[in-house]
1. Just one of the numbered conditions (1) in contact with a helix residue (DSSP H, G or I) (Cβ under 9 Å, 6 or more places away or on another chain); (2) open to solvent by 30 Å² or more (accessible area, probe 1.4 Å); (3) of a type outside the set (D, E, K, R) is not true of G120; which one?
2. Out of the helices (runs of 4 or more DSSP H) lying entirely within the range 22-141, which hold 2 or more residues that are out of contact with any Cys (no Cβ under 6 Å at 6 or more places or on another chain) and modelled with pLDDT under 90?
3. Can you say whether I181 is open to solvent by 10 Å² or more (accessible area, probe 1.4 Å) and more than 26 Å from I367 (Cα to Cα), as far as the supplied structure shows?
4. Within the range 147-161, how many residues turn out to be assigned to a helix (DSSP H, G or I), out of contact with any Ser or Thr (no Cβ under 7 Å at 6 or more places or on another chain) and either modelled with pLDDT under 85 or among the aliphatic types (A, V, I, L, M) (or both)?
5. Between a residue in the range 332-355 that is more than 15 Å from R242 (Cβ to Cβ) and open to solvent by 20 Å² or more (accessible area, probe 1.4 Å) and any residue that is of a type in the set (D, E, K, R) and part of a helix (DSSP H, G or I), which pairs come within a Cβ distance under 7 Å, given they are 6 or more apart or on different chains?
6. Has the range 111-132 got at least one residue that is over 25 Å from S46 (Cβ atoms), of a type outside the set (D, E) and within 20 Å of the chain's Cα centre (by Cα)?
7. Just the residues that are more than 16 Å from T121 (Cβ to Cβ) and among the small types (G, A, S), please, taken from the range 55-66.
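The values are calculated or read from the model by the stated rules, or taken from the named source; none is laboratory data. Keep in mind that what you see is a predicted model, and the values were worked out from it rather than measured. Virtual Cβ from ideal backbone geometry, glycine too; neighbours counted across all protein chains shown. In case anyone asks, the SASA skips ligands and DNA or RNA and just uses the protein heavy atoms, side chains included. Shrake-Rupley method; radii C 1.70, N 1.55, O 1.52, S 1.80 Å.
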Amino acid sequence: MTTVGPSSALAEPVERVGRGWTAALSLANGAIWVGWFGPLQILLASQAKDFAPGSGMSKETMLAWVTGVGAVVSLIANPLFGALSDRTTARWGRRTPWIVAGSAGGALALLLLAGAGGMGTMTLGWCLVQLTLNAAFAAVTAAVPDQVPRLQRGAVGGWLGAAQILGVVGGTGLATAAGGIAAGYAACAVFTVVGVLPYVLRYGDPRLAPRERPPWSWRTFLAGFWLSPRRYPDLGWAWLTRFLINLSNSLVLLYLLYYLRDRLHHDDPDEGVLILTAVNGLTLLATVVVGGVWSDRTGRRKPFVLWSGALMAVATALLSAWQTWPGAIVAAAVLGIGFGVFTSVDFALMTDVLPKATDRGKDLGVINVANALPQVAAPALAAPIVTYLGGYRVLYLVAAVIGLVGAGLVSRIRGVD
């Protein structure tokens with residue numbers, strides 16, 4: 001493993017990273033998403049179906065509670081571990097120790113979920129998964145502004161996005177093919193650990209010299225988590241754009257298994273989720289790297305975010321208007337095209353509006369709240385809509401409107417082309 005000198009930790013990177021570095025970091029990112037989405041797509045929903053009878057709540061409500069509480073943990077964990085990694089002066093760098101500890105802890109938490117016997121242990125296990133994997137994810141994302149120059153971030157963001165969707169597909173596939181809930185969790189746990197090894201064993205991480213670490217103060221540390229939209233308006237608008245588009249996407253994914261089973265009456269809803277995820281993944285992979293590279297070459301970000309978000313809203317509206325299995329496949333394909341471009345270019349956009357090099361991990365953690373907060377808001381919004389306010393047709397129409405509004409707000413960002 002190569003090391004990187006302490007003087008480079010806070011410098012703006014100028015040397016392009018190689019394909020090996022990008023591939024290894026992307027694999028680590030994908031491994032983390034396997035640990036998240038094997039449970040989210042299949043395993044948690046299956047456990048909720050098993051535990052709901054006799055509990056006094058429906059499977060939809062139980063799943064909403066478990067994922068919602070876990071998302072609250074994620075809201076806190078991502079910026080917290082990002083801030084801690086900013087201050088880490090370990091020999092192996094600021095980010096690597098947290099990638100190792102987070103992925104190992106995530107694997108153990110997944111094994112705890114495998115043995116869950118009810119809603120209590122299911123909730124505890126999922127909260128621990130969110131706590132630990134967010135530590136690793138915060139460090140992985142912060143490695144990009146640490147080591148990648150600005151005009152390469154769209155391409156690197158594209159490969160990270162490709163790994164993300166492959167992680168979603170891989171996690172769903174492992175959960176489906178493993179042959180049971182416990183086996184599915186074990187398979188996801190093993191992949192989560194193995195997937196980060198090439199990066200942490202082979203590639204160096206910029207070291208932070210002790211003299212570069214700011215003096216410790218609880219007041220300063222806690223105050224740093226508030227990034228004033230008035231002081232940093234571009235960051236505020238970028239955050240809101242990401243939040244609304246991710247909220248729309250979360251509303252689509254949360255009850256997908258139940259949508260196929262209860263609304264479309266699909267013969268094998270588990271397999272149906274896997275097929276839709278694969279279709280979505282293929283079209284996403286076709287655009288995620290291309291979109292990021294194209295954005296780098298033009299030096300522009302906002303038009304890509306605007307039109308990809310609008311396309312995602314159209315795909316979501318299809319789920320409301322065309323409630324058939326062919327309609328679901330078309331919607332998954334179109335959603336993947338839009339989300340591919342959005343994933344890579346929005347990530348580059350976020351790194352472009354970061355305020356300070358000393359706080360990259362913490363600031364990206366605050367930005368990543370826009371990924372986690374929709375997991376809290378989506379169950380609270382979706383459950384009453386599905387149960388009382390019109391069902392899945394209204395749910396997906398609301399999701400489309402939210403996504404379209406989010407795409408439009410990117411035009412308010414002034415400091416990025």
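1. So the condition that G120 fails would be (1).
2. Qualifying helices (runs of 4 or more DSSP H): 44-51, 59-86.
3. Answer is yes for this residue.
4. Residues meeting the conditions: 3.
5. So the pair list comes out as P355/D363.
6. There is no residue in the range 111-132 that is over 25 Å from S46 (Cβ atoms), of a type outside the set (D, E) and within 20 Å of the chain's Cα centre (by Cα).
7. Once the filter is applied, which keeps residues that are more than 16 Å from T121 (Cβ to Cβ) and among the small types (G, A, S), the range 55-66 yields G56, S58, A64.
For (1) open to solvent by 10 Å² or more (accessible area, probe 1.4 Å); (2) in contact with a Pro (Cβ under 6 Å, 6 or more places away or on another chain), each residue gets a yes or a no:
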| site | (1), (2) |
| --- | --- |
| A238 | no, no |
| L260 | no, yes |
| H265 | yes, no |
| I275 | yes, no |
| N280 | yes, no |
| T283 | yes, no |
| T287 | yes, no |
| G291 | no, no |
| S295 | no, no |
